[in-house]
Amino acid sequence: MADPIVEFRGVGKWFGPLHVLRDVTLSIAAGSVVVICGPSGSGKSTLLRCINGLERVQKGTVRVLGRELSDRVLASSDFRADIGMVFQRFSLYPHMSALANVTLAPRLVRRIAAADAEERARRMLARVGLADKVDAYPGQLSGGQQQRVAIARALVMEPKVMLFDEPTSALDPEMIREVLDVMRDLAGSGMTMVVVTHEMGFAHEAADRIVFMDEGEIVEDGSADSFFTSPATARAQRFLDKILHH
């Protein structure tokens, strides 16, 4: 494959005595949509957080956008801005409108002029279906709408890769669909996406690849179709049985 956007080589990560990532090797190509799934505590979110340096590895190497992650690389705000991240919690500024929340980073980090940043922010809010909510404050928005503002806030930076850490797990069921619809649209547009999620319908439909983790290891890594129709391991089969028939 061409230079991967994200590359893990022999990565080990510990939290004190807890071995959370065990010899993880993984390459993610530009334009691919990769869903990381597995039981709770399998290391999925930790893996994701290693991509943008929120967690640092003790063994092996992580390369993102062709650069090995180091203090110096991570100190570059431009480099970090190329990696968009959407968390479980929306963490919007409550005292700022949706528009102001989305406009802030392009002005501070990308140093874009206020008028341009606002124009971009309006475009991104429209893209996530919130053109009519630009002046609303987070407290006036539903959880699903807040999460879509958070996605717009990441997209406005024009990142080269988008990371999603269980973006729907804090939402009420009726709001999950609206967030997944935005993510599906994004996946179809060619954005490189790495998504930790329990939403297997989305995974089956939108992902090119499923990475199944258990106990800190990558147990399976293959196409969504093969993972759902004929998982290669008993561990994956158990996981699917549990999640699809609960």
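The values are calculated or read from the model by the stated rules, or taken from the named source; none is laboratory data. Bear in mind the structure is a predicted one, so any value in this text is a computation, not a measurement. When we count neighbours, we look across all protein chains shown, and the Cβ atoms used for this are built from the backbone with ideal geometry, even at glycine. Protein only, heavy atoms only, side chains kept; ligands, DNA and RNA dropped before computing areas. Shrake-Rupley method; radii C 1.70, N 1.55, O 1.52, S 1.80 Å.
Evaluated with a Cβ-only charge set (Lys, Arg +1; Asp, Glu -1), region 97-221 carries a dipole of roughly 920 debye about its Cα centre, given to the nearest 20. Hey, what did region 130-231 get for relative contact order, percent, Cα under 8 Å, at least 6 apart? In percent, rounded to a whole number, it is 21. Across the chain, C-alpha contacts under 8 Å between residues 6 or more apart give a mean separation that, scaled by the residue count, equals a relative contact order of 26 percent.
Once the dipole of the chain is set up with Lys and Arg at +1 and Asp and Glu at -1 on Cβ about the Cα centre, which of Met183, Ser97, Pro173 lies farthest towards its positive end? In the chain, that residue is Ser97. What the Cα convex hull of region 2-74 gives, in volume per residue, is 86 Å³. Net charge of the neighbourhood of Gly143, taken over other residues with C-beta under 12 Å away and scored Lys/Arg +1, Asp/Glu -1, is -1.
For the chain, the per residue solvent-accessible surface stands at 46 Å², with DNA, RNA and ligands left out and a 1.4 Å probe.
Placing one equal scatterer on every Cα of region 51-113 and applying the Debye formula, the log10 ratio I(q)/I(0) at q = 0.18, 0.27 Å⁻¹ is -0.79, -1.20. Once the gyration tensor of the Cα atoms in the chain is diagonalised, the equivalent ellipsoid follows with semi-axes of 30, 22, 16 Å, ordered largest first.
Proximity of backbone amide H atoms, modeled 1.01 Å from N, is registered between Phe164 and Val86, Val194, Val195, Val196 at under 5 Å, excluding neighbours fewer than 5 places apart on the same chain. Only one residue of His19, Ala30, Pro4 has its Cα farthest out toward the positive end of the dipole of region 1-99, where Lys and Arg carry +1 and Asp and Glu -1 on Cβ, and that residue is His19. The distance linking region 16-46 with region 133-161 is 26 Å (Cα centroid to Cα centroid, whole angstrom). Of the solvent-accessible surface of the chain, computed with a 1.4 Å probe over protein heavy atoms with every protein chain present, carbon and sulfur atoms account for 49 percent. Distant-in-sequence amide contacts of Val20, defined by a placed amide H-H separation under 5 Å and a gap of 5 or more residues or a different chain, comprise Lys13, Trp14, Phe15. The Cα-based radius of gyration and maximum Cα-Cα distance (Dmax) for region 77-184 are 12.8, 39 Å. What FRET efficiency would be calculated for the residue pair Arg67, His245, taking the C-beta separation as r and a Förster radius of 45 Å, to the nearest 0.05? Plugging the Cβ-Cβ distance into 1/(1 + (r/R0)^6) gives 0.55.
Let me know the shape class of region 78-119, please: from the alpha-carbon gyration tensor, a ≥ b ≥ c as square roots of the eigenvalues, rounded when a/c is under 1.5, otherwise prolate if a/b is greater than b/c, or oblate. Verdict is oblate for region 78-119.
Take the Cα radius of gyration of region 35-86 and divide it by 2.2 N^0.38 Å, N being the number of residues; the result is 1.19. Excluding Ala203 itself, what net charge comes from residues whose Cβ is under 14 Å from its Cβ, given Lys and Arg +1 and Asp and Glu -1? Local net charge: -4.
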